[in-house]
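Shown next, in C-alpha cells, is the structure this report addresses.
Bear in mind these aren't lab numbers, they're just calculated from the coordinates by the rules spelled out. Everything numeric here is computed off the predicted structure, so don't read it as measured data. As a convention, Cβ positions derive from the backbone with ideal geometry for all residues, glycine included, and neighbour counts pool all protein chains shown.
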Amino acid sequence: MNSRKFRRLGLGVVLLFAVVGTAVSLPEAPSRDAAVDALIAQALGPSPLSETLRVLCDGIGGRIPGTPALEKAVNWGVENFRRAGVDNVHTEKYSIPHSWREGETLLEVVSPARFKVHATSVAWAPATPKGGITAEVVDVGDGEGEDFAKLQGQGEGKILLVHSRLMTSLDDLFAEYMHFAAVMGSAAQAKAAAVLFMSTRPRGLLYRHTNSTSGQIASVPMAIVGREDALRIARLISSGPQVQMHLSLPNEIGGPFETENVVADIKGVGKPDEMVILGAHLDSWELGTGALDNGCNASMVIDVARAFHAAGIRPQRTLRFILFTGEEEGLLGSRAYVHDHRSEMDRVVAELVFDEGVGRVNGFFLGGRKDILPAINEVLEPVRDWGANSHTFDAFIGTDNFDFLLEGIPTLIANQDVTDYLPNYHASSDTFDKVDLRELKIQEALAAVTLYRIANRPQRLGPRQSRVEVESLLRDYQLDQQMKQFGMWQDWESGARGRKQ
Ligand SMILES: [Zn+2]
C-alpha cells in the first residue's frame, strides 16, 4: 500500500473545500469524488474496528451455530451496527437440521505400543458408540477409489487412516474438501468403523472441517489426526504387527434449531429499492477464535457501515450489510437469506463478499461473469494504483456468494494474498494476534469505495442472468460436477435452490 497516495487524496479534499468556500470557478476536475476520499479517510483514521474485533475473538471466541457463543456474536453484531448509526438493524431467523458440539475426543494407539494421539472430531460427524471403539487400523493411502478397491471388502469395522499432502495453496484446500467428501462416501460403503484424516498442517496443528453439507450429520465417525502422529501410525502399520487403536468421539448431537443472520441497511437516496450487498460470515470454528476466518471481515463490514454513516454519505442505491451465520456448515445462512428474499432478487445489483482474512486484496473473483469486468475496472478507477486490479473469473462453492450466483446476480469475492490465512485456516492458531490491523483498515477502505461506486453507478454492473445462463455458467466452470459431489445438484434441478426461470 502506498501511503503517499492517501496523503495526496486527503489534500485533494482540502483543496476541493477551499475551492467551494471561495466560490472560485476552476475548470472541472477530472472526476475525483469527495465521497470516495471521505470514505478512505474514515476507514484509515481512528475507528473502533480493532476493539470490536478483539471483543469478538477474545471475549466471545469460536462461534458455532447452536452454541451460546454464536448467540453472543449475533448480539455483538446488532449492537455494533446500532452503534454505527445505520438503518433497519435486525436479525433474520432460519433453521439448521442438527446442532453439533464436540465432546471429549480421545484417540490412542493401544498396540503394539500404547500412546495418545492428537486428534479432533470432524464437525457434524456422528458420535462413536458409548465407550468408544477399539479396532484394527488400516492404512488406505490417499483414500482414492483404487485404495479402497485394495481393501477387498475387508474394511468393515476397521478404523481407516487416510494420508494427505501438506496444504500450501487455495487449490490444495479445495482439493482437500472434494477429496474428503469422496473418502467419506467410500468409507461408508466399506462399512468402516471410523476414518482418521492426516492433518494437512505440520507440527501437531489441528483444525476443524465438516465433510457434510446442509447441516446434516455425516455417515461415518471421522477425526483429524496430528500429522506427525498419523505418520508414526502409518510406519507402525507398514513395519510390523497389526495396529489397534481406541477412538472415542462422544459428540453431542441435537435436533433442528434456529439461528440468525444479522442485517443492516443504509437506505439509498436515488434508487432506494435497488441494493448492493456487502457480506461476511460471523460464525466460525472454535478450536481457535475465528479471527482471520472470518471475525476480521465481520468486524470490517460493520465498520464500513460506520464509515458511511460517519461521513454522512447516502449513495444512490441502498447498501445492505449482512453478517451471515452457518457458513462453515455449508453456506447455510446465505442460502436461507437468498431463499427468504427470493422475491427481491431482481433488485440486488451485486453482492460483495470478504472471506480470506486480511491478506492484500489483489482483485476480485468474478464468479464466471466475464461481462462485468469493464464495469469493475471502472468502479475501481479511483483506487487503480492500489494493486487490486487482477480479477479472475473463477467460480467455486466456497463462501456466501454461491446462492446469489445461483440466482444470476453478479458476485465479487475479494481475492487476497493467503500466505497467513491458509496455515491458520480453521485451526487452533486462528486468533486475534494473527490479524494485521493495518491491512484490515486498508481492506476496509477498498471495500467501502467499491461498494459506494457500485451503488452510485448509473448502470448495473451487469444484468441478472436467466436460469439458462446460470446453468451454462455452472457447466463452464465445472460447478455442476462439484454440486453433484456435494449433493447440491438435485436442489438446483428441482428449483429448490437457484433461479427458477
Ligand atoms: Zn470463512
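Amide H contacts of Leu161 (H built 1.01 Å from N, in plane; Pro and chain starts excluded): Val138, Asp139, Val140, Leu196 sit under 5 Å, all sequence-distant by 5 or more or on other chains. Going from the residue with the fewest nearby Cβ atoms within 10 Å to the one with the most, Arg464, Arg203, Arg227, Arg306 rank Arg203, Arg464, Arg227, Arg306. Take the Cα radius of gyration of the stretch 107-189 and divide it by 2.2 N^0.38 Å, with N its residue count; two decimals is plenty. The stretch 107-189 yields a ratio of 1.19. In summary, the aspartates and glutamates within cross-link reach of Lys150, defined as a Cα separation below 18 angstrom excluding same-chain residues under 8 places away, comprise Glu136, Asp139, Asp142. When the charge dipole of the chain is built from unit charges on Cβ atoms (+1 for Lys and Arg, -1 for Asp and Glu) and taken about the Cα centre, the candidate among Gly255, Ala149, Leu56 whose Cα reaches farthest toward its positive end is Leu56. Among Val358, Ile442, Ala135, pick out the residue whose Cα is farthest towards the positive end of the charge dipole of the chain, where Lys and Arg carry +1 and Asp and Glu carry -1 on C-beta, about the Cα centre. Value: Ile442.
Compare the peptides 145-156, 250-261 by average per-residue count of other Cβ atoms within 10 angstrom and give them in order, highest first. Provide the component values of the computation, followed by the final result.
On the way: 145-156: 12.5, 250-261: 16.1.
Those peptides, ordered most packed to least, come out 250-261, 145-156.
From the residues Leu161, Ile237, Ala223, which one has its Cα farthest along the dipole of the stretch 144-254 in the positive direction, the dipole being from +1 and -1 charges on Cβ of Lys/Arg and Asp/Glu about the Cα centre? The Cα lying farthest towards the positive end belongs to Ile237.
Please tell me the relative contact order of the chain in percent, rounded to the nearest whole number, where contacts are Cα pairs under 8 Å and at least six residues apart.
Working: 1088 pairs, mean separation 97.3, N = 501.
In percent, rounded to a whole number, it is 19.
Past 27 Å, Cα to Cα, is the threshold; run Lys116/Lys191; Lys72/Lys271; Lys93/Lys267 against it and keep the listed order. Result: Lys72/Lys271 exceed 27 Å. The amide H of Trp100, built 1.01 Å from its N in the peptide plane, has Gly254 as neighbours under 5 Å, considering only residues 5 or more places off or on other chains.
For the stretch 365-379, backbone phi angles converted through the Karplus equation (6.51, -1.76, 1.60; θ = phi - 60°) give residue-by-residue couplings of 7, 9, x, x, 8, 4, 5, 9, 4, x, 5, 5, 4, 5, 4 Hz, Gly and Pro being listed as x.
How would the stretch 140-265 be classified by its alpha-carbon gyration tensor: rounded, prolate or oblate, with rounded meaning a/c under 1.5 and the a/b versus b/c comparison settling the rest? Judged from the Cα gyration tensor, the stretch 140-265 comes out prolate (a/c at least 1.5, a/b above b/c).
First check a/c for the stretch 429-489, with a ≥ b ≥ c the square roots of the eigenvalues of its C-alpha gyration tensor; if it is under 1.5, answer rounded, and if not, answer prolate when a/b is larger than b/c or oblate otherwise. It comes out oblate by the Cα gyration axes. Here the extension length gained between Asp476 and Met345 equals 44.8 nm, from 0.36 nm per residue of separation less the Cα-Cα distance.
Would you calculate a helix-derived [θ] at 222 nm for the chain, using -39,500 (n - 2.57) for each DSSP H run of n ≥ 4 and dividing by the full residue count, to the nearest 500? Could the numbers behind the result be given before it?
On the way: 15 runs with 173 residues, N = 501.
Calculated at 222 nm, the ellipticity per residue is -10500 deg cm²/dmol.
Can you tell me how the chain classifies by the Cα gyration tensor, rounded, prolate or oblate, using a/c under 1.5 as the rounded cut? Prolate, because a/c is 1.5 or more and a/b exceeds b/c.
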